[in-house]
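*Asks:* Okay, here's the structure, questions in a sec.
The values are calculated or read from the model by the stated rules, or taken from the named source; none is laboratory data. Please read these numbers as outputs of a predicted model, since none were measured by experiment. Cβ atoms come from the backbone with ideal geometry, glycine included; neighbour counts cover every protein chain shown.
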Amino acid sequence: MNKDISPSQLKSAATPVGTVAGYMPGFGNDFETEALPGALPQGMNSPQKVNYGLYGEQLSGTAFTAPIHQNERTWCYRIRPSVKHTHRFQKIDLPYWKSAPHVDPDVVSLGQYRWDPVPHSTEGLTWLTGMRTMTTAGDVNTQVGMASHIYLVTDSMVDAYFYSADSELLVVPQEGRLRFCTELGVIDIEPQEIAIIPRGLVYRVEVLEGPARGFVCENYGQKFELPGRGPIGANCMANPRDFKAPVAAFEDRDAPSTVTVKWASQFHETQIGHSPLDVVAWHGNYAPCKYDLRTYCPVGAIMFDHPDPSIFTVLTAPSGVEGTANIDFVLFRDRWMVAEDTFRPPWYHKNVMSELMGNIYGIYDAKPKGFVPGGMSLHNMMLPHGPDKNAFEGASNADLTAEKLENTMSFMFETRFPQHLTTFAAHEAPLQDDYIDCWADIEKKFDWTPGKK
Ligand SMILES: O=C(O)Cc1cc(O)ccc1O
Ligand SMILES: [Fe+2]
């Protein structure tokens, strides 16, 4: 132990997990943070003895040899190395959390689909038991694609911890407030914020205000990164400083605990005798973060026409094919509409990517009715869609003054892979059977008469 530190200093410096959430700004920065003074080795990663009797441990988020601009890892200094567990892993069943490839032969995924909010259950549900997979795409074993989930959470995890070896999770709350107590610190989120929980990071989820509902994009592939802004330049869209990583916080708590691991699509459990959230200090660039969607600075059409929705990309997870994302996370927030002589809502279209949308709050301009907060829609790859009849009539006859779209926040998880509905999405979730009728009354307006000039 470091002899320069007095016991009173130690007491005041400790920030146990679960009491305080403090943050450091920046996206993918090389952070350093310590909950006890002097806990973080300086100038090297593996001193012969670490202060306070801590163990050094590296968490790699990319291959050791990944290019320098993508290479991510974090050095943790912890009370016990995380290998210490007392039991072999046992498989457990979480029947509502599915992974790709998962194709129910009796479910038709080819279609335009929309769901009302999945209602809260009368039984108590945690982050693990309350996860409801709606769609899967790609293949978790080859680390391509994604799954979309709804979470319904009423109960905090108690002496229970989780990590996903399969995926990074992008969490989009719609109702309630959650606390993510992670190995690297504490993150609190509420609607209009998001959190990113990296692959391999251990955490438990507590309910600060329930019941909580929201959306999750489970990314099997390369990590989310900020999109290149091209000619837009060095500012606007999502700015790096608005992403917040937690400061170090730890628990020194001996209690029989469970660790659940999602690995190659299956869930496994082991027992440990202490809290694994025992990282006293860390440094590195592989860390969870939160982001307030209200800080997203949209750039749009200021003269005419409706640009592709890629202008609203918050984060993109590359697929290896340049410009073709494994997943884009796109935000439709409040903004001004000023384009002249223009049909302002989204146009009718057929997209090579598949579009999973969720409504966080308010009204989405292409679907003034039926796409409600907590609801989702799926327009699968190469399936035509666009404004419903009301939106078309409204926007093609509107007085085109400058108009502010207010009371609106929806998002899209857009992937290059087809999305397959789970049995839950097709049969248990509140699917709107009449969704495609929103286009049924679109009239033929063609006003050409043969032979007439
Ligand atoms: O289908 C949707 O509503 C999402 C969407 C929005 C937009 O402005 C342009 C294209 C697009 O797919
Ligand atoms: Fe679309």
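*Asks:* Kindly indicate which of P450, P430 is at pLDDT below 95 and either within 16 Å of ligand 2 (Cβ to nearest atom) or not basic (K, R) (or both).
*Replies:* P450
*Asks:* Which one of these is crowded, with 22+ Cβ neighbours inside 10 Å and of a type in the set (A, V, I, L, M, F, W, C): V299, V372, V279?
*Replies:* Result: V279 is the single residue among V299, V372, V279 that is crowded, with 22+ Cβ neighbours inside 10 Å and of a type in the set (A, V, I, L, M, F, W, C).
*Asks:* A further question on this structure: Does L378 satisfy being assigned to a loop (DSSP other than H, G, I, E, B), at pLDDT 95 or above and in the same structural domain as T316 (by TED's automatic domain parsing)?
*Replies:* no
*Asks:* Also: Among the numbered criteria (1) touching a Gly at 6+ places or on another chain (Cβ under 7 Å); (2) within 15 Å of ligand 1 (Cβ to nearest atom); (3) of a type outside the set (F, W, Y), which one does S319 miss?
*Replies:* S319 satisfies every listed condition except (2).
*Asks:* What about M409, is it within 16 Å of ligand 2 (Cβ to nearest atom) and not charged (D, E, K, R)?
*Replies:* no
*Asks:* V202 - would you say it is over 22 Å from R80 (Cβ atoms) and of a type in the set (A, V, I, L, M)?
*Replies:* The answer is no for V202.
*Asks:* Is there any pair with a first residue in the stretch 413-434 that is in contact (Cβ under 8 Å) with a residue 24 or more places away in the chain and a second that is within 16 Å of ligand 1 (Cβ to nearest atom) and basic (K, R) whose Cβ atoms are under 7 Å apart and which are 6 or more apart or on different chains, and what are they?
*Replies:* Here the result reads Q432/R114, each pair linking the stretch 413-434 to a residue that is within 16 Å of ligand 1 (Cβ to nearest atom) and basic (K, R).
*Asks:* Out of (1) at positive phi; (2) without any contact (Cβ under 8 Å) to a residue 60 or more places away in the chain, what's the single condition that is false for G145?
*Replies:* For G145, the failing item is (2).
*Asks:* Follow-up question, since we're still on this one. If you go through the stretch 79-90 one residue at a time, do you hit one that is modelled with pLDDT of 95 or more and surrounded by 19 or more Cβ atoms within 10 Å (Cβ to Cβ)?
*Replies:* yes
*Asks:* A follow-up question, please. For the stretch 298-333, what are the residues that are farther than 13 Å from T415 by Cβ and touching a helix residue (DSSP H, G or I) at 6+ places or on another chain (Cβ under 9 Å)?
*Replies:* Once the filter is applied, which keeps residues that are farther than 13 Å from T415 by Cβ and touching a helix residue (DSSP H, G or I) at 6+ places or on another chain (Cβ under 9 Å), the stretch 298-333 yields P298, V299, G300, A301, I311, V314, L331, F332, R333.
*Asks:* Which members of the stretch 336-367 meet the condition of being on the phi < 0 side of the Ramachandran plot and away from ligand 2 (no atom under 16 Å from the Cβ)?
*Replies:* The answer is W336, M337, V338, A339, E340, T342, I360, Y361, I363.
*Asks:* Between a first residue in the stretch 187-213 that is not assigned by TED's automatic domain parsing to the domain that holds S410 and a second residue that is modelled with pLDDT under 95, which pairs have beta carbons less than 8 Å apart while being 6 or more apart in sequence or on different chains?
*Replies:* I187/A21; D188/A21; V202/S82; E206/G18
*Asks:* Would you mind telling me which numbered condition in (1) in contact with a Ser or Thr (Cβ under 9 Å, 6 or more places away or on another chain); (2) closer than 15 Å to G111 by Cα; (3) away from ligand 1 (no atom under 16 Å from the Cβ); (4) not hydroxyl-bearing (S, T, Y) A429 fails?
*Replies:* Among (1) in contact with a Ser or Thr (Cβ under 9 Å, 6 or more places away or on another chain); (2) closer than 15 Å to G111 by Cα; (3) away from ligand 1 (no atom under 16 Å from the Cβ); (4) not hydroxyl-bearing (S, T, Y), the lone unmet condition for A429 is (2).
*Asks:* Shifting gears a bit: Among the numbered conditions (1) buried (at least 21 other Cβ atoms within 10 Å of the Cβ); (2) within 16 Å of ligand 2 (Cβ to nearest atom), tell me where T422 comes up short.
*Replies:* Of everything listed in (1) buried (at least 21 other Cβ atoms within 10 Å of the Cβ); (2) within 16 Å of ligand 2 (Cβ to nearest atom), T422 misses just condition (2).
*Asks:* Another question, then. Out of (1) surrounded by fewer than 17 Cβ atoms within 10 Å (Cβ to Cβ); (2) aromatic (F, W, Y); (3) within 11 Å of ligand 1 (Cβ to nearest atom), the odd one out for F411 is which?
*Replies:* Going through (1) surrounded by fewer than 17 Cβ atoms within 10 Å (Cβ to Cβ); (2) aromatic (F, W, Y); (3) within 11 Å of ligand 1 (Cβ to nearest atom) one by one, F411 breaks only (1).
*Asks:* Looking only at the stretch 355-368, how many residues end up being of a type in the set (A, V, I, L, M), part of a loop (DSSP other than H, G, I, E, B) and either more than 11 Å from ligand 1 (Cβ to nearest atom) or touching a Phe, Trp or Tyr at 6+ places or on another chain (Cβ under 6 Å) (or both)?
*Replies:* Looking only at that region, the number is 1.
*Asks:* Can you confirm whether the stretch 324-339 contains a residue that is part of a helix (DSSP H, G or I), at pLDDT 95 or above and buried (at least 16 other Cβ atoms within 10 Å of the Cβ)?
*Replies:* no
*Asks:* Another question, if that's okay. Are there strands (runs of 3 or more DSSP E) fully within the stretch 97-153 with at least 3 residues that are not assigned by TED's automatic domain parsing to the domain that holds F267? List them.
*Replies:* The qualifying strands (runs of 3 or more DSSP E) are 112-115.
*Asks:* Okay, moving on. Any idea which residue in the stretch 381-408 is nearest to the chain's Cα centre (by Cα), counting only those that are assigned to a strand (DSSP E or B) and within 16 Å of ligand 1 (Cβ to nearest atom)?
*Replies:* If we take residues in the stretch 381-408 being assigned to a strand (DSSP E or B) and within 16 Å of ligand 1 (Cβ to nearest atom), then T408 is nearest to the chain's Cα centre (by Cα).
*Asks:* Report yes if some residue within the stretch 369-377 is at positive phi, in contact with a Pro (Cβ under 6 Å, 6 or more places away or on another chain), away from ligand 1 (no atom under 15 Å from the Cβ) and in contact (Cβ under 8 Å) with a residue 24 or more places away in the chain; otherwise report no.
*Replies:* Within the stretch 369-377 (the criterion being at positive phi, in contact with a Pro (Cβ under 6 Å, 6 or more places away or on another chain), away from ligand 1 (no atom under 15 Å from the Cβ) and in contact (Cβ under 8 Å) with a residue 24 or more places away in the chain), the answer is yes, since at least one residue qualifies.
*Asks:* Examine the stretch 41-64 for a residue that is small (G, A, S), modelled with pLDDT under 95 and outside any loop (DSSP other than H, G, I, E, B), and state whether such a residue exists.
*Replies:* no
*Asks:* In this structure, is D188 more than 12 Å from the chain's Cα centre (by Cα) and not in a loop (DSSP other than H, G, I, E, B)?
*Replies:* For D188, the condition - more than 12 Å from the chain's Cα centre (by Cα) and not in a loop (DSSP other than H, G, I, E, B) - is met.
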